[in-house]
1. Return the residue satisfying two criteria in turn: it lies in the stretch 84-107 and is in contact (Cβ under 8 Å) with a residue 24 or more places away in the chain and part of a helix (DSSP H, G or I), and of such residues it is surrounded by the fewest Cβ atoms within 10 Å (Cβ to Cβ).
2. Report, ordered by the first and then the second residue, all pairs with beta carbons closer than 6 Å, sequence separation of six or more or different chains, a first member in the stretch 149-166 that is over 10 Å from N117 (Cα atoms), and a second member that is open to solvent by 50 Å² or more (accessible area, probe 1.4 Å) and modelled with pLDDT under 95.
3. Across the stretch 1-55, what is the total count of residues that are more than 21 Å from G86 (Cα to Cα), open to solvent by 10 Å² or more (accessible area, probe 1.4 Å) and among the polar types (S, T, N, Q)?
4. With the requirement that a residue be within 16 Å of the chain's Cα centre (by Cα) and either among the aliphatic types (A, V, I, L, M) or in a helix (DSSP H, G or I) (or both), what does the stretch 173-192 give you?
5. Looking at this structure, is I129 over 10 Å from the mean Cα position of the chain (by Cα), at pLDDT 95 or above and buried (at least 16 other Cβ atoms within 10 Å of the Cβ)?
6. Where residues in the stretch 39-65 are in contact with a strand residue (DSSP E or B) (Cβ under 9 Å, 6 or more places away or on another chain) and in a loop (DSSP other than H, G, I, E, B), which of them is nearest to A128 (Cα to Cα)?
7. Look through the stretch 203-245, keep the residues that are open to solvent by less than 50 Å² (accessible area, probe 1.4 Å) and of a type in the set (D, E, K, R), and return whichever of them is farthest from E166 (Cα to Cα).
Amino acid sequence: MTGKVAFVAGASRGIGAAIAATLAAQGASVAVAARSEETGRVPGTIHEVAGRIAAAGGRALPVACDVTNEESVQAALATTVTELGGIDILVANAGVLWLGPVESTPLKRWQLCLDVNLTGVFLVTREAIPYIRARGGGSLIAVTTTGVNMTDRGSNAYWVSKAAVERLYLGLAADLRPDNIAVNCLSPSRVVLTEGWQAAGGGEIPADMVEPPETMGRAAALLAAQDGAGITGTVQRSETLLAAV
């Protein structure tokens, strides 16, 4: 990752923070992007994550970014390019959780999942592509979920939004292969008990079904090292990917 610049959306806590820390530990300069500039109901801020990376010897830039706001996304990416010199890697991780049944889902919750989990990925991806292309190639990674395939367990706004992201990225891989840009989705193989999961009332999970966020960090770093000639157009599960290399 030495010499590379990564923009990690949704990096103030949980999976995003773990990915940002891993990329920085492997030598990348990392833009730690999220809305959380101050401590709120859910622990974690971009400044805290960037501070931990810097304390460990890495280079990190905290960048305020609301992925549902076009101007905010554009400004965050432009700031990253100005301060860090470009963008080689995008990790689209920002997300909100809603696992309630469809029949009892308020419209505002449905819309929020689509706005953050789908439109947010679209916006950061669309704006990052020209910067990554200008570097001669790079990697786009969208964080999704194994729940996309769990159709026997019903439906909810979260799984639907993530399924749409996987379709977006699988098609985008074909579009961007000529630009030497790898495009992949990555999800945990098991449940990651993030601060967001706890705040959303995700409930108790048996220990053998829990995956540490650092596993996602290592898997994301592997995909971040790809370009259009490597792994692209895939949906990866973290532990499966790491076991295969």
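The values are calculated or read from the model by the stated rules, or taken from the named source; none is laboratory data. What you see is a predicted model, and the numbers here were worked out from it, not measured in a lab. Using ideal geometry, Cβ is built from the backbone for each residue, glycine included, and neighbour counts are taken over all protein chains shown. Just so you know, the surface numbers come from the protein's heavy atoms only, side chains and all, with ligands and any DNA or RNA stripped out. Shrake-Rupley method; radii C 1.70, N 1.55, O 1.52, S 1.80 Å.
1. First, pick out the residues of the stretch 84-107 that are in contact (Cβ under 8 Å) with a residue 24 or more places away in the chain: 84-102, 105.
Keeping just the survivors that are part of a helix (DSSP H, G or I) gives 84, 102.
Numbers: L84: 21, V102: 11.
For the stretch 84-107, the residue satisfying everything is V102.
2. Close Cβ pairs (under 6 Å, with a partner that is open to solvent by 50 Å² or more (accessible area, probe 1.4 Å) and modelled with pLDDT under 95) amount to N156/L99.
3. 2
4. Scanning the stretch 173-192 gives A182, V183, L186, V191, V192.
5. Details: over 10 Å from the mean Cα position of the chain (by Cα): yes; at pLDDT 95 or above: yes; buried (at least 16 other Cβ atoms within 10 Å of the Cβ): yes.
The answer is yes for I129.
6. Among those residues, the one meeting the criterion is C65.
7. My answer is E211.
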